[in-house]
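The values are calculated or read from the model by the stated rules, or taken from the named source; none is laboratory data. This one's a predicted model, so the numbers in the text were calculated from it and none came from an experiment. Quick reminder, even Gly has a Cβ in these numbers, built from the backbone with ideal geometry, and neighbours come from all protein chains shown.
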Amino acid sequence: MKKAELTSLTEKYIAGTASGEERLKLESWYNDQLDQNLLEGEKQIDGEEHAETGKKIFNRINQEIGQHEKKRQNRYFYRLAVAASLIIVLGLGLFIINERTNVKKTTKLAGLIKPGGNKAFLTLADGTKINLDQALNGTISRQEGIQITKTADGQLVYTILENNSAQAKPGFNTISTPAGGQYQVTLPDGTKVWLNAMSSLKYPTAFTGKYRMVELTGEGYFEVARNKNKPFKLKTSKQEISVLGTHFNVSAYADDDEIKTTLVEGGVAVKNFSPLATGLLKPGQQAVFHDKEFKVSNVDVEEYIAWKNGFFVFNNEGIKEAMQKLARWYDVDIEYVGDFDGIYFGGSFSKHNNLQETLKILESTDKFKFKIEGRRIKILK
């Protein structure tokens, strides 16, 4: 990146006027610089100049937190999604570069727990299981008039072949993501689904019945193609969600206490199976099912879809709930040493950070410390 562009992006960020694309570009540049410096053992950026920039960004975050710390529903977490990553790179990152330049590159990178990526398994109707991380880009299967294609950017696309729609016979496919995995799939009707880590989606290769029915475990974000004659229905273990065409997020992990359905646009009807309860959501609303309780409330939807856009956003969230999300993405186990009930915090972090970078940010709250033992993270007071 040229110096003029870097200066412009940094100034926009500090002023709070950078677009989402500009924030991501700036963050990516800083992370690339850090990784390159760690590999080469060289200081290639002006540490004094960028440390000063990091200080300005840190002050901006503190100012924002001071203004909003008592407001439960707000948007500053998402707007400052780049901030935490930049502070680590500008501050801790430069410290590592300056203090450890004589250490061999293998030693520097050996202990890093890297973030997840586009990883998933596709199970076809005949039981064939395909590792999408290893499969070549392009057509990976054809099933009675349906072509399945893997794209270069981590997507799976279903296409009804020309002149074969009448012959298409539905069979059920399942796409599942492991810990540290995510994936996007475009269903035969054009509906787009983003799967978070440790999630799975079961769906027919052709929607031939009265409804377009799919089943989800874990978390997914849905952009449903509109079809007023064939409603889209999503089933989880305890709920059914009905839509015609809309954008919404569902978090229904088996090990979470709550099932959350968050509506971005359009409209959905949520029905709980036991106890029986229903609710109609408007954009900006969320339905929460917890311990036989069902409630609908207004929320900042960006907080709940940030994972799809490459961020963790925690808004007054309990440490255990937040660490569960990190554990799924980084494929680590969490162990608590002490009582952590009643400890909440807020912040926003890039999912592209190494785990150590994110933990350093969390430690700066002075509420807890982390000890890394292989892929086990101990949290201590």
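Worth pointing out:
- Single condition D256 does not satisfy, out of (1) surrounded by fewer than 16 Cβ atoms within 10 Å (Cβ to Cβ); (2) more than 23 Å from the chain's Cα centre (by Cα): (2)
- Failed item in (1) touching a helix residue (DSSP H, G or I) at 6+ places or on another chain (Cβ under 7 Å); (2) touching a residue at least 60 places away in the same chain (Cβ under 8 Å); (3) more than 24 Å from T236 (Cα to Cα), with E302 passing the rest: (3)
- No other residue among E363, E373 is surrounded by fewer than 19 Cβ atoms within 10 Å (Cβ to Cβ) and either touching a helix residue (DSSP H, G or I) at 6+ places or on another chain (Cβ under 9 Å) or at pLDDT below 90 (or both) apart from E363.
- Filtered by the rule that a residue be part of a loop (DSSP other than H, G, I, E, B) and either at pLDDT 95 or above or surrounded by 19 or more Cβ atoms within 10 Å (Cβ to Cβ) (or both), the range 168-188 gives A168, T177, P178, A179, G180, L187, P188.
- Qualifying residue in the range 285-298 (condition: under 17 Å from the mean Cα position of the chain (by Cα) and not polar (S, T, N, Q)): no
- Test: residue in the range 328-347 that is in contact with a strand residue (DSSP E or B) (Cβ under 6 Å, 6 or more places away or on another chain), in a helix (DSSP H, G or I) and either closer than 26 Å to A120 by Cα or hydrophobic (A, V, I, L, M, F, W, C) (or both): no
- Residue list for the range 189-200, filter: free of Cβ contacts under 8 Å to residues at least 40 places away in the same chain, farther than 19 Å from L124 by Cβ and assigned to a strand (DSSP E or B): K192
- Residue within the range 276-289 that is among the small types (G, A, S), surrounded by 16 or more Cβ atoms within 10 Å (Cβ to Cβ), touching a Leu at 6+ places or on another chain (Cβ under 8 Å) and not in a loop (DSSP other than H, G, I, E, B) present: yes
- Near pairs, Cβ below 9 angstrom, 6+ apart or cross-chain, from the range 272-296 (free of Cβ contacts under 8 Å to residues at least 60 places away in the same chain) to any residue that is among the aliphatic types (A, V, I, L, M) and not in a strand (DSSP E or B): P283/V301; G284/V299; G284/V301; Q285/V299; Q285/V301; Q286/V299; Q286/V301
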